1. If amide H atoms are built 1.01 Å from N in the plane of the peptide, which residues on other chains or at least 5 residues away come under 5 Å of the amide H of residue 29?
2. Can you put 19, 4, 119 in order of accessible area, largest first, using a 1.4 Å probe?
3. Tell me the label-point distance for the pair residue 57, residue 10, using the 7 Å Cα-to-Cβ offset, in nm and rounded to one decimal.
4. Return the subset of 24/107; 23/107; 23/77 for which the Cα-Cα distance in this structure is over 22 Å, preserving the input order.
Amino acid sequence: MTQRIAHVDDDPDIRDTVRQILKKHGYEVDSYHTANDFLNSLNDPAVIPDLAILDVMVESMDAGLNTYVELHNRFPKMQAIFMTSLGDMILPYFENKSQEWICIIEKPIEPSVLLSIVRERLKTAKPEMSTSQDG
């Protein structure tokens, strides 16, 4: 079964590059220009990703962080990667939160490093991700 990755970034060049890299290596990729587009897509069970790659500053300074909060509330075990030019500057946001579910990588990133991180995060992803929409 092909693993699905959602990628949110307002830069079309980055979206296209990430999509090409991941698709070339067998992943299904859904790209989103806005965090809101991504969050709305989660209402369709057919496109729930196995992993989300989020830009922090998409639409606003912290839209990616807010997206992560909503994503984690709805899908607590879904892996997330923050691909950001801010690097470790966003670490204080995750104080008292499990590092098990998040990963921060700094732009620009080498394709081989991105693939390695994606593979590792998908390997640690928990099967049967539960959602808070049940019931």
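1. Correct list: 5.
2. Numbers: 19 80, 4 50, 119 115 Å².
So the residues, ranked largest to smallest area, are 119, 19, 4.
3. The modelled label-to-label distance comes out at 0.9 nm.
4. Details: 24/107 20 Å; 23/107 19 Å; 23/77 24 Å.
Among 24/107; 23/107; 23/77, the Cα-Cα distance tops 22 Å for 23/77.
The values are calculated or read from the model by the stated rules, or taken from the named source; none is laboratory data. Just so it is clear, the structure is predicted and the values come from calculations on it, not from any experiment. Reconstructed Cβ throughout: ideal geometry from the backbone, glycine too, with neighbour counts over all protein chains shown. These accessible areas exclude ligands, DNA and RNA; they are computed on the full protein's heavy atoms, side chains included. Shrake-Rupley method; radii C 1.70, N 1.55, O 1.52, S 1.80 Å.
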